[in-house]
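Notes follow once the structure below has been shown.
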Amino acid sequence: SPYYGMSSATTNRNVWNMMCAARDANGFKWYVNGVLSFAGRYNDFGVLPDTRSDILIGNGYAGYWQGDMSMVMAFNRGLTNIEIQQIYQNYRSRYGN
């Protein structure tokens, strides 16, 4: 805890993929390449107490991330589905998709 188990789309190796986790007061969403892959209606994490709280990226209960990361973005609010799709469309050509 506080990890969530979820079913999600798989990604191909050796190609660029955009993965996005979005959460707000209503729940948690996971996107792969701008497409919603998982949604849960819970928010056990609550609101971050301040913007200085640590966020761990690339290491979790299942071990270290196996791959390269080209960009990491963090926002001070949960993005909408349309915003996530727009970010994917804006960046995908930069990475060969």
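The values are calculated or read from the model by the stated rules, or taken from the named source; none is laboratory data. Nothing here was measured: the structure is a model prediction, and the numbers come from that model. Keep in mind that these areas ignore ligands, DNA and RNA; they rest on the heavy atoms of the full protein, side chains included. Shrake-Rupley method; radii C 1.70, N 1.55, O 1.52, S 1.80 Å.
So how exposed is residue 24, as accessible area in Å² (1.4 Å probe, rounded to 10)?
Taking all protein chains as shown, residue 24 has close to 70 Å².
Expressed in nm to one decimal, what extension gain is obtained for the pair residue 94 and residue 21 from 0.36 nm per residue of sequence separation less their Cα-Cα distance? Could the numbers behind the result be given before it?
Numbers: separation 73, 0.36 × 73 = 26.28 nm, distance 2.08 nm.
That pair, residue 94 and residue 21, stretches by 24.2 nm at full extension.
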